[in-house]
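**Student:** Questions regarding the structure given below will be posed in turn.
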Amino acid sequence: MKHWSTIAPLVAIALLGVAAVVPGNAIVLVVSGLALIGAVLAAVHHAEVVAHKVGEPLGTLVLALAVTVIETSLIVSMMLAGGDDQAVLARDTVYAAVMIICNGVIGICVLVGGLRHREQTFRIEGAAPAFAALVALATLALVLPGFTTSAPGLAYSPAQLVFAGICSLVLWGVFVFVQTIRHRDYFLPPEGSGEEEHLAPPTTAAAWISVGLLMVSLVGVVGLAKVLSPSIEAAVRSAGAPDAVIGIAIALLVLLPETVAAVRAAQANRLQTSMNLALGSALATIGLTIPAVVVASQVFHLPVILGLAPKDLALLGLTFIVGAVTLGHGRTSIMQGAVQLVVFVAFLFLSMVP
């Protein structure tokens, strides 16, 4: 059992091969679902090993960046395969990821942490600028396309799309520089918060092994999510739900490793780690996905629609208002977590019943 974190990623990769040879087999799909859960837990375990070795905040950046790179690759590959039919895929995925992270992940972390520890603290010096960058990126990528006049509908013109991609990449790069170099202390646990680490860090060899197994785990997670997505699509359509629910379901699967890691950190009274992981993931989702989509659209002449519908704009605005209150004073309680989870449930419900 002590080697489960090594076996689970390899099993997940093996099942990807089996699923390619025997597509649509019911038994393979069931086993793939179980392997997906194992790969998620293995990814969290190896991310924690790496984080313990390199320390905060670089440790949380490892998992967020790895998941986002693989997720972005998945989106671009699906756009290339789907052509015009996947014009809204990037928008739906990025929007779902932002709502899941900002309302669902942070809400669960705050609620779980509050139930166990009553009140928790984090550094507002790091959380506030990160959230401001997230608001700016989301507005540029998802809100403004519906208000510009150079292109019809909810789309940017080619020049506007390139501009949005450059801004997204630059702002994400500045955030990473601030988080890891210039103001690294802003993202470290506050003194007296109980987040101090007492265990001896792993060896360099063990950390590198975990880096490799983390990447294998994440490839397995995203690959199995893609294997299971046709079954998810069939279930969604048989239930009569809108197509947007498909993107939400896939985003939930892909974000599982980050969600589990963030919630476990909050349970252990390490809310700063949870905030670093959640906000870093949301920023990377926009900061890396949008530029990659822009490049793919320009090179392969693919249509891209980024603007949100009015209902989604209202929910995104509500998310930013509630998030600003939650992150505004560096202390959390169960009330803030409950409010964010209500917004998250509203997002899920209104996606199914628009």
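**Student:** Looking at segment 120-153, which of the residues that are closer than 17 Å to THR273 by Cβ and over 19 Å from the mean Cα position of the chain (by Cα) is surrounded by the fewest Cβ atoms within 10 Å (Cβ to Cβ)?
**Tutor:** Filtering segment 120-153 for residues that are closer than 17 Å to THR273 by Cβ and over 19 Å from the mean Cα position of the chain (by Cα), the one surrounded by the fewest Cβ atoms within 10 Å (Cβ to Cβ) comes out as GLU125.
**Student:** Tell me which residues, restricted to segment 290-333, are surrounded by 14 or more Cβ atoms within 10 Å (Cβ to Cβ) and among the β-branched types (Val, Ile, Thr).
**Tutor:** Those that are surrounded by 14 or more Cβ atoms within 10 Å (Cβ to Cβ) and among the β-branched types (Val, Ile, Thr): ILE290, VAL293, VAL294, VAL304, ILE305, THR319, VAL322, THR326, THR332.
**Student:** If you don't mind, there's one more thing I want to ask. Give the residue, chosen from LEU80, LEU61, LEU74, that is more than 29 Å from PRO230 (Cβ to Cβ), part of a helix (DSSP H, G or I) and either of a type in the set (A, V, I, L, M, F, W, C) or modelled with pLDDT of 75 or more (or both).
**Tutor:** Working: LEU80 fails: more than 29 Å from PRO230 (Cβ to Cβ); LEU74 fails: more than 29 Å from PRO230 (Cβ to Cβ).
The match here is LEU61.
**Student:** Within segment 231-269, how many residues are part of a helix (DSSP H, G or I) and either at pLDDT below 75 or among the hydrophobic types (A, V, I, L, M, F, W, C) (or both)? Full working, then the answer.
**Tutor:** Just the residues of segment 231-269 that are part of a helix (DSSP H, G or I), to begin with: 231-238, 244-254, 256-267.
With the extra rule that they be either at pLDDT below 75 or among the hydrophobic types (A, V, I, L, M, F, W, C) (or both), the set shrinks to 232-237, 244-254, 256, 260-263, 265-266.
Selection size over segment 231-269: 24.
**Student:** Could you please let me know if ALA262 is free of Cβ contacts under 8 Å to residues at least 12 places away in the same chain and within 24 Å of GLY38 (Cα to Cα)? Full working, then the answer.
**Tutor:** Details: free of Cβ contacts under 8 Å to residues at least 12 places away in the same chain: no; within 24 Å of GLY38 (Cα to Cα): yes.
It is false that ALA262 is free of Cβ contacts under 8 Å to residues at least 12 places away in the same chain and within 24 Å of GLY38 (Cα to Cα).
**Student:** Here's something else I'd like to know. Hey, any hits in segment 109-119 for a residue that's on the phi > 0 side of the Ramachandran plot, touching a residue at least 12 places away in the same chain (Cβ under 8 Å) and surrounded by fewer than 24 Cβ atoms within 10 Å (Cβ to Cβ)?
**Tutor:** In the first step, residues of segment 109-119 are kept if they are on the phi > 0 side of the Ramachandran plot; the result is 118.
Of the ones still in play, those that are also touching a residue at least 12 places away in the same chain (Cβ under 8 Å) are 118.
In the following step, the residues that additionally are surrounded by fewer than 24 Cβ atoms within 10 Å (Cβ to Cβ) were identified as 118.
Within segment 109-119, one or more residues are on the phi > 0 side of the Ramachandran plot, touching a residue at least 12 places away in the same chain (Cβ under 8 Å) and surrounded by fewer than 24 Cβ atoms within 10 Å (Cβ to Cβ).
**Student:** Need pairs with beta-carbon distance below 9 Å; first residue touching a residue at least 60 places away in the same chain (Cβ under 8 Å) and within segment 233-248, second surrounded by fewer than 13 Cβ atoms within 10 Å (Cβ to Cβ); sequence gap 6+ or separate chains.
**Tutor:** Once the first residue is touching a residue at least 60 places away in the same chain (Cβ under 8 Å) and sits in segment 233-248, its partners that are surrounded by fewer than 13 Cβ atoms within 10 Å (Cβ to Cβ) give ALA241/VAL353; PRO242/VAL353; PRO242/PRO354; ALA244/PRO354; VAL245/ALA239.
**Student:** Within the set of pairs 6+ apart or on separate chains, which have a first residue in segment 2-23 that is over 19 Å from GLY212 (Cβ atoms), a second that is among the polar types (S, T, N, Q) and surrounded by fewer than 16 Cβ atoms within 10 Å (Cβ to Cβ), and C-beta atoms under 9 Å apart?
**Tutor:** VAL18/ASN25; ALA19/ASN25
**Student:** Can you find even one residue in segment 340-354 that is touching a Lys or Arg at 6+ places or on another chain (Cβ under 8 Å), within 28 Å of ALA239 (Cα to Cα), in contact (Cβ under 8 Å) with a residue 60 or more places away in the chain and outside any helix (DSSP H, G or I)? If you could, list the steps in order and put the result at the bottom.
**Tutor:** Quick first cut of segment 340-354, residues touching a Lys or Arg at 6+ places or on another chain (Cβ under 8 Å) only: 350, 354.
From the residues that got through so far, the ones that are within 28 Å of ALA239 (Cα to Cα) too are 350, 354.
Filter again for in contact (Cβ under 8 Å) with a residue 60 or more places away in the chain, leaving 354.
Retained after the next criterion (residues that are outside any helix (DSSP H, G or I)): 354.
Yes, because at least one residue in segment 340-354 is touching a Lys or Arg at 6+ places or on another chain (Cβ under 8 Å), within 28 Å of ALA239 (Cα to Cα), in contact (Cβ under 8 Å) with a residue 60 or more places away in the chain and outside any helix (DSSP H, G or I).
**Student:** Quick check, is ALA282 assigned to a helix (DSSP H, G or I) and more than 13 Å from the chain's Cα centre (by Cα)?
**Tutor:** Details: assigned to a helix (DSSP H, G or I): yes; more than 13 Å from the chain's Cα centre (by Cα): no.
So ALA282 does not fit the description; no.
**Student:** Does segment 264-292 hold any residues that are out of contact with any Ser or Thr (no Cβ under 8 Å at 6 or more places or on another chain) and not charged (D, E, K, R), and which are they?
**Tutor:** Within segment 264-292, GLN267, ALA268, SER274, MET275, ALA278, LEU279, ALA282, LEU283 meet the criteria.
**Student:** A follow-up question, please. If we scan segment 72-87, do we find a residue that is touching a Pro at 6+ places or on another chain (Cβ under 7 Å), surrounded by 20 or more Cβ atoms within 10 Å (Cβ to Cβ) and among the aliphatic types (A, V, I, L, M)?
**Tutor:** Quick first cut of segment 72-87, residues touching a Pro at 6+ places or on another chain (Cβ under 7 Å) only: 84, 87.
Among the residues that remain, those that are also surrounded by 20 or more Cβ atoms within 10 Å (Cβ to Cβ) are: none.
Within segment 72-87, none of the residues are touching a Pro at 6+ places or on another chain (Cβ under 7 Å), surrounded by 20 or more Cβ atoms within 10 Å (Cβ to Cβ) and among the aliphatic types (A, V, I, L, M).
**Student:** In this structure, does PHE187 turn out to be modelled with pLDDT of 80 or more and either surrounded by 14 or more Cβ atoms within 10 Å (Cβ to Cβ) or farther than 30 Å from LEU144 by Cα (or both)?
**Tutor:** On the way: modelled with pLDDT of 80 or more: yes; either surrounded by 14 or more Cβ atoms within 10 Å (Cβ to Cβ) or farther than 30 Å from LEU144 by Cα (or both): yes.
Judged against the criteria, PHE187 is a match.
**Student:** Follow-up question, since we're still on this one. Only residues that are in a helix (DSSP H, G or I) and of a type in the set (Val, Ile, Thr): list them for segment 1-25, please.
**Tutor:** Of all residues in segment 1-25, those in a helix (DSSP H, G or I) come to 4-21.
THR6, ILE7, VAL11, ILE13, VAL18, VAL21 - these are the residues of segment 1-25 that are in a helix (DSSP H, G or I) and of a type in the set (Val, Ile, Thr).
**Student:** Identify all residues within segment 320-354 that are β-branched (Val, Ile, Thr) and either under 18 Å from HIS117 (Cα atoms) or at pLDDT 90 or above (or both); write none if there are none. Spell out how you get there, then give the answer.
**Tutor:** To start, the set of residues in segment 320-354 that are β-branched (Val, Ile, Thr) comprises 321-322, 325-326, 332, 334, 339, 342-343, 345, 353.
Residues satisfying the conditions are ILE321, VAL322, VAL325, THR326, THR332, ILE334, VAL339, VAL342, VAL343, VAL345.
**Student:** Still on this structure: Condition (residue is under 18 Å from the mean Cα position of the chain (by Cα), surrounded by fewer than 18 Cβ atoms within 10 Å (Cβ to Cβ) and modelled with pLDDT of 85 or more) applied to segment 209-230: is it met by at least one residue?
**Tutor:** yes
**Student:** For segment 241-257, indicate whether the set of residues that are more than 21 Å from MET79 (Cβ to Cβ) and surrounded by fewer than 19 Cβ atoms within 10 Å (Cβ to Cβ) is non-empty. Show your work before the answer.
**Tutor:** Our first condition is that a residue be more than 21 Å from MET79 (Cβ to Cβ); within segment 241-257, this holds for 241, 256-257.
Next cut, surrounded by fewer than 19 Cβ atoms within 10 Å (Cβ to Cβ) only: 241.
Yes, there is a match, as at least one residue in segment 241-257 is more than 21 Å from MET79 (Cβ to Cβ) and surrounded by fewer than 19 Cβ atoms within 10 Å (Cβ to Cβ).
**Student:** Return only the number of the condition from (1) in a helix (DSSP H, G or I); (2) out of contact with any Gly (no Cβ under 7 Å at 6 or more places or on another chain); (3) over 30 Å from LEU188 (Cα atoms) that LEU228 does not satisfy.
**Tutor:** Result: LEU228 fails condition (2) only.
The values are calculated or read from the model by the stated rules, or taken from the named source; none is laboratory data. Everything numeric in this text was worked out from a predicted model, so none of it was measured. Neighbour counts run over all protein chains shown; Cβ positions are idealised from the backbone, glycine included.
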